[in-house]
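Read-outs: derived from the displayed coordinates by stated rules, not from any lab. Just so you know, these numbers come straight off a predicted model, no measurement behind them. We place every Cβ from the backbone using ideal geometry, glycine too, and count neighbours over all the protein chains shown.
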Amino acid sequence: MKLVTPDDLIDVYHKTTQRGLQFILSKLNPNAMSRTKSAFSDSAISSANWWIVPEVRKRWNLKITGDINKDYENYTIDKYFSDRRNLKMLSIGSGVCSHELKFAASDVFSKITCVDIADNLLIQARRTAEENNLTNMEFLAVDIWKHEIDPASYDVIFFHSSLHHFDRISTFVHDKIKPWLAPRGLLIINEYVGPNRLQFPKEQIRYINKGLDLLPTKFKTRFKSSFSKNSFYGSGYLRMVIADPSECIESAKIIPQIHDDFDIIEEKAYGGNLLMNILKDIAHNFLEETEETKEKLRKLFDLEDEFLEKNPSDFLFGIYQKKETLH
């Protein structure tokens, strides 16, 4: 574990440029929950991360659904819910609900409850739902740990990039999520499940830098900056805790605990071990789908696939069914 790395100083500088001094000052708040909320402020949405790259999203689709043009939401609806109606879904850490809105637009769910601590994001989600005449959604700005839910209330519980923000994973999965599901209920996740606090092993960092070395300088210009991203050192533990105390706090425990309490229906690995870190702050350089950008990305994809041959994926899509207690 590294307490501080050169990337910590670089990141502070560039976050000041990208998101403003107020965003950096918010990280000095002694209240951990306030620092976590600031990570999901409106200013934080403007960024250059791997998920904005069209070719990357096609890669996810291919690895999860087998079709570059089919996202996992529609894949899930078609494969598991095509003949079901009046289901109830609980989405925890839903943010602006871009994924939940897709589920709500189907005729499968009579009610989708979206829960998040960031009320500003839920306000945006509610507005979008109203604009699309979706009346089967409700939005709750609450701390899910303190929110009372009756047992067996939901047919589906859903996490997209939010479960890795929870501590006490064993307790949360076993004593909260599992009881809230109806008999034979499904847990659906699309999650980072890699090392806690993004403390990547040396070999992974070495491969990330191999990826950066494959890119010409024009593809490495940082977002809202004239500086190039030439090296990756990893995140220091101290910065992780200060920036967002909830970030990847017990991410490595997620899959082992789910496997203890749920049966695997489907589990798809889609990497991210290299791409997330290579493309952070430079992803905007790959938005234009030219032959050159595609060729550079193919090299990065091949490198990540090579790494994944001997290493577990940092990101997983999974569908699980709760194990019934034997009496």
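Helix-only estimate, please: 222 nm mean residue ellipticity of the chain, summing -39500 (n - 2.57) across DSSP H runs of length 4 or more and dividing by its residues, to the nearest 500.
Mean residue ellipticity at 222 nm (helix-derived): -11000 deg cm²/dmol.
Place a label point 7 angstrom from the Cα of I149 along the Cα-to-Cβ direction, then list the residues of the range 102-140 whose backbone nitrogen is under 11 Å away.
Within reach of a label on I149, which here means backbone N under 11 Å from a point 7 Å along Cα→Cβ, the range 102-140 contributes 113-116.
So which aspartates and glutamates pass the test for K268, namely a Cα distance under 15 Å, with those fewer than 8 places away in the same chain ruled out?
Counting by Cα, and skipping residues close in sequence, K268 has these aspartates and glutamates nearby: D67, D71, E73, E191, D305, E309, D314.
Given Cβ point charges of +1 (Lys, Arg) and -1 (Asp, Glu) and nothing else, what value in debye, to the nearest 20, does the dipole of the chain about its Cα centre take?
760 debye
Given the options I149, Y80, F223, identify the residue whose Cα lies farthest towards the positive end of the charge dipole of the chain (+1 on Cβ of Lys, Arg; -1 on Cβ of Asp, Glu).
F223
Give me the angle, in degrees from 0 to 90, between the Cα long axis of helix 54-65 and the longest principal axis of the Cα atoms of the chain, rounded to the nearest 10.
It is inclined by approximately 40 degrees.
For the cross-link pairs K210/K296; K88/K253; K79/K253, which exceed 24 Å when the distance is taken from alpha carbon to alpha carbon?
Where the Cα-Cα span goes over 24 Å, the pairs concerned are K88/K253; K79/K253.
With point charges of +1 on the Cβ of Lys and Arg and -1 on the Cβ of Asp and Glu, referenced to the Cα centre of the chain, which listed residue (F103, A129, C248) lies farthest in the positive direction of the dipole?
C248
What ranking do I282, I68 get, fewest neighbouring Cβ atoms within 10 angstrom at the top?
Going from sparsest to densest Cβ surroundings: I68, I282.
Can you tell me the dipole magnitude for the range 169-327 around its Cα centre, using point charges on the Cβ only (Lys, Arg +1; Asp, Glu -1), in Debye to the nearest 20?
560 debye
Report, to the nearest 10°, how far helix 202-213 tilts away from the longest principal axis of the Cα atoms in the chain, using its own Cα long axis and a range of 0 to 90°.
60 degrees
Between I123 and R206, what is the FRET efficiency for a Förster distance of 41 Å, r being their Cβ-Cβ separation, to the nearest 0.05?
0.40
Mind jotting down the three principal axis lengths of the range 134-218 based on Cα atoms? Whole angstrom, largest first.
54, 34, 26
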